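Notes for the one structure printed next.
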Amino acid sequence: MQAALLRVVLERTVGDLELPVGVAVVAAANPPEQAASGWELSAPLANRFCHLDWAIDGRTVADGLSGGWPAPRVPVLPEGWERWIPVARSWVGGFIRVRPTLAVEVPEDAATAGRAWPSPRSWDMAATLLAGARAVGSDDLVRSLLVRGAVGQGPGIELLTWLVEADLPDPEEVLADPESFVLPERGDRAYAALSSVASAVAANPTPERWRQGWVVFGRAADSALDVAAAAARPLVRCRPAGAPVPPEVHLFTDLLHDAGLLD
């Protein structure tokens with residue numbers, strides 16, 4: 001089945017039909033050692049899935065056989081949940097700035113390559129899963145399973161540990177009261193916090209939110225101008241039509257001009 005389904009998974013195409021955006025690809029399989037003539041997934045194919053192990057619990061089986069199998073309760077993503085995706089991407093980006101070697105780490109052995117491993121594709125998948133988990137209020141265990149299922153055990157645990165230790169502020173709370181924003185001292189945490197604010201504004205760029213975002217960056221410029229300028233790109237690009245330029249922008253004029261982000 002694996003060879004026949006490669007084009008479906010890799011190119012999202014069945015014959016001459018291109019699958020619509022709303023179609024998700026889900027696969028189930030026994031471990032190779034338990035399957036007749038089974039083999040590991042190829043690395044490119046494995047990297048397109050979030051891998052979740054299904055543990056068989058004896059008590060659950062016994063209860064299901066005797067009392068019936070209850071329908072699973074699946075949380076429904078609320079409208080507008082996608083606004084958390086760029087925020088989660090900024091968190092992942094902040095982590096990769098600290099661990100750049102984990103941006104791509106192709107496994108060398110077939111068994112590991114057939115499971116989850118880190119790549120730009122799977123890091124983006126992890127960010128999307130984190131955004132969805134946050135939107136429905138999933139607990140830490142679910143978030144851990146999803147992240148580790150996307151990028152692998154080691155990288156996933158490192159990211160989750162970094163997020164806990166970073167204690168990044170909620171960007172919406174920061175935008176609601178930008179004058180109270182306190183920039184984290186460590187450069188990686190400062191970059192992630194500012195990137196999440198810029199990404200939150202870019203997801204809903206009203207003139208007021210754009211102005212509040214620059215207030216946050218103006219406060220950050222006092223102690224970390226270079227970090228703030230590096231994180232400001234989404235904020236520069238999402239200026240609402242007709243929005244006046246806040247005075248804080250002038251703090252970054254030279255750096256943004258050198259980076260080609262300002263005329």
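In the same structural domain as ALA200 (by TED's automatic domain parsing), among the aliphatic types (A, V, I, L, M) and buried (at least 17 other Cβ atoms within 10 Å of the Cβ), is that true of LEU183? Spelling it out, LEU183 is indeed in the same structural domain as ALA200 (by TED's automatic domain parsing), among the aliphatic types (A, V, I, L, M) and buried (at least 17 other Cβ atoms within 10 Å of the Cβ). Across segment 188-213, the number of residues qualifying as over 24 Å from the mean Cα position of the chain (by Cα) and surrounded by 23 or more Cβ atoms within 10 Å (Cβ to Cβ) comes to 0.
Of all residues in segment 2-24, those being over 25 Å from the mean Cα position of the chain (by Cα), surrounded by fewer than 12 Cβ atoms within 10 Å (Cβ to Cβ) and farther than 19 Å from ASN47 by Cα number 4. Checked against the criterion of being modelled with pLDDT under 90, β-branched (Val, Ile, Thr) and assigned to a loop (DSSP other than H, G, I, E, B), the candidates VAL76, VAL21 yield just one match: VAL21. Among the conditions (1) without any contact (Cβ under 8 Å) to a residue 40 or more places away in the chain; (2) assigned to a helix (DSSP H, G or I), ALA27 misses just one, which is (2).
When each of VAL249, VAL216, VAL201 is tested for being in contact with a Phe, Trp or Tyr (Cβ under 7 Å, 6 or more places away or on another chain), modelled with pLDDT of 90 or more and more than 19 Å from ARG89 (Cα to Cα), the lone residue that passes is VAL216.
Taken over segment 88-147, the residue count meeting the criterion of being among the aromatic types (Phe, Trp, Tyr) and more than 25 Å from ALA203 (Cα to Cα) is 1.
Out of curiosity, is SER119 within 26 Å of GLY22 (Cβ to Cβ), surrounded by 14 or more Cβ atoms within 10 Å (Cβ to Cβ), polar (S, T, N, Q) and modelled with pLDDT under 95?
no
Quickly run through segment 235-246 and pick out the residues that are of a type in the set (Val, Ile, Thr) and touching a Phe, Trp or Tyr at 6+ places or on another chain (Cβ under 7 Å). Passing the criteria: none in range. Residue count for segment 194-212, restricted to those that are in a helix (DSSP H, G or I) and either without any contact (Cβ under 8 Å) to a residue 60 or more places away in the chain or in the same structural domain as LEU130 (by TED's automatic domain parsing) (or both): 9. Evaluate segment 69-82: report whether one residue or more is under 21 Å from the mean Cα position of the chain (by Cα), in the same structural domain as TRP39 (by TED's automatic domain parsing), within 24 Å of ARG12 (Cα to Cα) and surrounded by fewer than 15 Cβ atoms within 10 Å (Cβ to Cβ). No, segment 69-82 has no match at all. Here the condition is being of a type in the set (Gly, Ala, Ser) and assigned to a loop (DSSP other than H, G, I, E, B); of ALA116, ALA111, ALA126, ALA150, it holds for ALA116 alone.
Return yes when SER37 is polar (S, T, N, Q) and on the phi > 0 side of the Ramachandran plot and no when it is not. Yes, satisfied. Applying the set (1) out of contact with any Asp or Glu (no Cβ under 7 Å at 6 or more places or on another chain); (2) in a helix (DSSP H, G or I); (3) not basic (Lys, Arg) to VAL215 leaves exactly one unmet item: (1).
The values are calculated or read from the model by the stated rules, or taken from the named source; none is laboratory data. Computed from a predicted structure; not experimentally measured. Every residue, glycine as well, gets a Cβ built from its backbone with ideal geometry; the counts of neighbours run over all protein chains shown.
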